[in-house]
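First up is the structure itself, then whatever we jot down about it.
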Amino acid sequence: MRRGSFVVFEGIDASGKSTQARRVAELRDAHFTFEPGDTPLGVDLRRWVLDAATPMTPITEALLMLADRSHHVRTVIEPTLATGRSVVSDRYFASTLAYQGYGRGVDLARLEAATELAIGGCLPDLTVLIDTPLDVANERRAPDVRDRFESADLDFHQRVRGGYLAIAAKWGNRWCVIDGSRSESEVAASVDERLASLPW
Ligand code: ADP
Ligand code: TYD
């Protein structure tokens, strides 16, 4: 049986990526999933890693994200792809490179090596970066309680955005960068145009 397609949406907080990821999954009858936290073990990992009141080092933060991802790949992503169904994930390995690597300053080469260990060759067929300037994303953000990342300063989020663009440039045609500052329907049209050539 043909393996399903694996598509990932990435971007800074409130870039609009979850809106697009959920829409695409529904449209294509693909399995929607997200990181961190979309497994029973991941629920606890997510609670720890997002809790702004629990101090932790950047390396601990990275290792918790990688633990969540390793479990997610083995128990959700790979088994679903093996049935022939496609998977759309809201965040994947580039989130760790962008947030813990570019954002927090964890050594990128070591993070890449740890990522290989965690994902064991399960690479997305396409990663869509919804690239949205910080001021636009901030206006979209709900004014609720801030988690560990939402409470980080502006410079951190600028480094994350720049990191994503650097990662996208490195991966070439396995990534596409979509201007997320436009209306929801304009962003959707660009996403659909890019996804049209993928087998589902
Ligand atoms: P993310 O997953 O990147 O954190 P969401 O998709 O949850 O972001 O979007 C954050 C908020 O912005 C939501 O209220 C959503 O409805 C809204 N939103 C999403 N895309 C757009 C867009 N292109 N223009 C305006 N608002 C948007
Ligand atoms: P979430 O509420 O899921 O936010 P979003 O809708 O923006 O995806 O929170 C996930 C947070 O965790 C988000 O701020 C990004 C961060 N994160 C990392 O720092 N590293 C990672 O590897 C992942 C998967 C997420």
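Quick notes on this one:
- Between the range 144-200 and the range 33-86, the alpha-carbon center distance in angstrom: 20 Å
- Ordering of 81-87, 149-155 by packing [mean C-beta count within 10 Å, highest first]: 81-87, 149-155
- One equal scatterer on each Cα of the chain, no solvent, Debye formula: the resulting log10 I(q)/I(0) at q = 0.10 Å⁻¹ is -0.39.
- Length-normalised contact order of the chain in % [C-alpha pairs under 8 Å, at least 6 apart]: 34 percent
- Its relative contact order, with pairs defined as Cα atoms under 8 Å and 6+ residues apart, puts the range 1-87 at 48 percent.
- Chain lengthening between residue 82 and residue 138 when straightened (0.36 nm per residue, less Cα-Cα): 16.3 nm
- DSSP H segments from the chain that extend 18 Å or more along their own axis, Cα-based, with Kyte-Doolittle mean of 0.0 or above: 58-72
- Spin-label model distance (nm) - residue 29 vs residue 196, 7 Å beyond Cα toward Cβ: 2.2 nm
- On the range 145-191, 52 percent of the accessible area sits on carbon and sulfur atoms, based on a 1.4 Å probe.
- Relative contact order, whole percent, for the range 69-123 stands at 41, derived from Cα pairs under 8 Å and 6 or more residues apart.
- Pairwise FRET efficiency - residue 183 versus residue 113, Cβ, R0 = 41 Å, nearest 0.05: 0.55
- Length available on full extension from residue 154 to residue 169: 0.36 nm per residue minus the Cα-Cα distance, which gives 3.1 nm.
The values are calculated or read from the model by the stated rules, or taken from the named source; none is laboratory data. These figures come from a predicted structure and were not determined experimentally. Using ideal geometry, Cβ is built from the backbone for each residue, glycine included, and neighbour counts are taken over all protein chains shown. Note: areas computed on protein heavy atoms with side chains; ligands, DNA, RNA excluded. Shrake-Rupley method; radii C 1.70, N 1.55, O 1.52, S 1.80 Å.
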